[in-house]
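Single-structure report; data block below.
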Amino acid sequence: MRALRILLIVMVILGGIFVIVDRVAVSFAEGEAADRLKATENLADTPDVSINGFPFLTQLAGGTLDEVRVGIQDYEAGTGDGTRTIRIADLRADMNGVDFSGDFSSAVADSATGTATVAYDELLKNATSEPGRVAPGVTARVVGLSDGGNGKIKVAVEATVLGAELPEPVSVLSSVTVVDGDTVRVKADAVPEFGGVEIVESSVRRITDFEQKIDGLPGGIRLDKVEAAEDGVEITVKGSDVRLVG
């Protein structure tokens, strides 16, 4: 019995040492991966990288990680014109089946899903900011975006009728959708009225409706779905064969 107790004690100690070594190794790997990702994406701040699954050392030996979670704050995505960017306040992705090289100089995930949050003031940058003519004697421009409830965006439109600015912006509920995996489209469910003046729908939609391209996301992930939320639009992203680094 004494020998058995000694054996059990030794096994517990060795198991504890293994866990400690495993956690130290995963912490080091997370730091290396974060630094590589920061350099690859030219980020201002170091991203959050979490390697899930236990034990890590067996995953390391096999060259494939079960799941890697990445979080990036204030990511500057492209807008398709090569000059302007759009800021993603919070970008998070879960990478599954990540094959990596021994020095973490390259890492490719079989699949990835995640979310990207874009504030309303960022999305507003691509709406028409200058007043546009929507009818004889009537001009209008979009001055604000906000949560309209039920996944809709409330678009605030400032209008001037016969030289007099309306006392309050006119609000219209708009649907928001993803187009071609790289564009957010905002389209009014119905065109607003401006002081009872007869207007041309196509002219109004040139003001209320707009699109914002969002590309150049890490690893080539693309937009999937989008809906309005309290502080901005929440976009679901996904991808396959996503290259984290290298």
May I ask you to rank 158, 201 by accessible area, largest first, using a 1.4 Å probe over the protein chains only? 201, 158
Could you check the simple spin-label distance between residue 166 and residue 225, using points 7 Å along Cα→Cβ, in nm with one decimal? 3.3 nm
Cα-only Rg/Rh for the stretch 47-93 with Kirkwood Rh rounds to 1.22
Can you return the lysines within cross-link range of residue 125? Criterion is Cα-Cα under 16 Å, with same-chain partners fewer than 8 residues away left out. 154, 187, 213
If the only charges are +1 at each Lys and Arg Cβ and -1 at each Asp and Glu Cβ, what is the size of the charge dipole of the stretch 85-162 around the Cα centre, to the nearest 20 debye? 580 debye
Taking the solvent-accessible surface of protein heavy atoms with a 1.4 Å probe, what is the per residue accessible area of the stretch 141-195 in Å²? 49 Å²
Round to the nearest 10 and report in Å² the accessible area of residue 64, as given by a 1.4 Å probe over the protein chains' heavy atoms. 50 Å²
Relative contact order of the stretch 117-224, pairs being alpha-carbon contacts under 8 Å that are 6 or more residues apart, as %: 25 percent
Does the stretch 55-183 come out rounded, prolate or oblate by the C-alpha gyration tensor, with a ≥ b ≥ c the root eigenvalues, rounded set by a/c under 1.5 and, if not, prolate when a/b is larger than b/c and oblate if not? prolate
Once both label points are put 7 Å beyond Cα along the C-beta direction, the residue 201-residue 73 separation in nm becomes 4.6 nm
Using a basic spin-label model with each label point 7 Å from the Cα along Cα→Cβ, how many nm lie between residue 58 and residue 143? 6.3 nm
Quick one: pull the percent of accessible area on the stretch 172-246 belonging to carbon and sulfur, 1.4 Å probe, ligands and nucleic acids left out. 42 percent
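The values are calculated or read from the model by the stated rules, or taken from the named source; none is laboratory data. Predicted, not measured: the structure shown is a model, and the values here were computed from it. As a convention, Cβ positions derive from the backbone with ideal geometry for all residues, glycine included, and neighbour counts pool all protein chains shown. Side chains are part of the model used for accessible areas, which takes the heavy atoms of the whole protein and leaves out ligands, DNA and RNA. Shrake-Rupley method; radii C 1.70, N 1.55, O 1.52, S 1.80 Å.
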